[in-house]
1. Tell me which of these S156 doesn't satisfy, since it passes every other one: (1) of a type outside the set (A, V, I, L, M, F, W, C); (2) within 24 Å of I75 (Cα to Cα); (3) not in a strand (DSSP E or B).
2. For the stretch 210-225, which residues satisfy the criterion of being open to solvent by less than 40 Å² (accessible area, probe 1.4 Å) and part of a loop (DSSP other than H, G, I, E, B)?
3. Would you check which residues across the stretch 116-153 are within 10 Å of the chain's Cα centre (by Cα) and of a type in the set (A, V, I, L, M) and list them?
4. Restricting attention to the stretch 192-209, and to residues there that are farther than 21 Å from N147 by Cβ and in a strand (DSSP E or B), which single residue is farthest from the chain's Cα centre (by Cα)?
5. Pairs needed: first member in the stretch 165-190, outside any loop (DSSP other than H, G, I, E, B); second member anywhere, among the polar types (S, T, N, Q) and open to solvent by 70 Å² or more (accessible area, probe 1.4 Å); C-beta distance under 6 Å; at least 6 residues apart or different chains.
6. Give me the residue from the stretch 27-50 that is under 29 Å from N160 (Cβ atoms) and among the polar types (S, T, N, Q) and, out of that set, modelled with the highest pLDDT.
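The values are calculated or read from the model by the stated rules, or taken from the named source; none is laboratory data. Given the structure is predicted, the values throughout are model-derived calculations rather than measurements. Neighbour counts are summed over all protein chains in view; Cβ atoms, including those assigned to glycine, are modelled from backbone coordinates with ideal geometry. Surface accessibility is based on the protein's heavy atoms, side chains included, excluding ligands, DNA and RNA. Shrake-Rupley method; radii C 1.70, N 1.55, O 1.52, S 1.80 Å.
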Amino acid sequence: MKNYINTHMKTIVLALALVFVGMTTSAQTCTSTLKSRSGTVMAAGPAKITFTATSNSVRVSINKTGGKAKTTVNIYANGSFKDRIIFENGRDTPTKAKTIPGVLGKTIRVDIVNQSVGNKFKYSMQATGSTSNLAVGGKKTGRLLGNQKKTIETRSSCTNKTKVTIKRTAGKARGTVRVWKKVGSSWVEHSSNTFERSQPRNEMVLNLNGNHKFKIELKNISIGNTFSYSMDAKVRN
């Protein structure tokens, strides 16, 4: 009986530990406004709003601010219809929203279509997305020959902490890694490092602090050797 209790308690402790680890290792994300617009739509022509999704899912929120026209809001990703929001005839001013998943990197189009001749529809639209990725254009991969270089830029982090990971995926060249931060309208050099042939785990992790946009340059400094790489930037807790 005693052995059973001890074994049972160990199982409970292990389960709690796994839950705690799962909670503490979940990716930090930042929510940002991808597009916002307000205006008035008449039956003569819809409002068409486009933007690029920088997150895996996008939440489109429409706040009716005036008018009484029946209005349909159609949402597309890369030209394919995804979902719609319908406002019925009336002077009430509700806010309605839809979340569209699986749209990272796609062009989102929101069509606000007034379906009532002689009535208007006043609106305020906001599209938001949450993502852990800060690299503009997403993760970059490629191969550098001697003296070639690759640069990525990041968005600023909502936590004021950015984690940049550079990995060697093939090749044996040495490299340099230079970092600049954006201050006002200027880029100011932040740090410089060397990516050695014997770099531990063939990766370099840069923990950058501050509410800045960063620019990171990887350069192959070995003539005759290649440097295949991946470069990414994430929000850091």
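1. Evaluating S156 over (1) of a type outside the set (A, V, I, L, M, F, W, C); (2) within 24 Å of I75 (Cα to Cα); (3) not in a strand (DSSP E or B) leaves (2) as the failure.
2. Going through the stretch 210-225, the residues open to solvent by less than 40 Å² (accessible area, probe 1.4 Å) turn out to be 210, 214, 216-218, 220, 222, 225.
The answer is G210, S222, N225.
3. Step one: of the stretch 116-153, the residues within 10 Å of the chain's Cα centre (by Cα) are 129-138.
Answer for the stretch 116-153, where residues must be within 10 Å of the chain's Cα centre (by Cα) and of a type in the set (A, V, I, L, M): L134, A135, V136.
4. E203
5. Matching pairs, first to second residue: R178/S192.
6. S36
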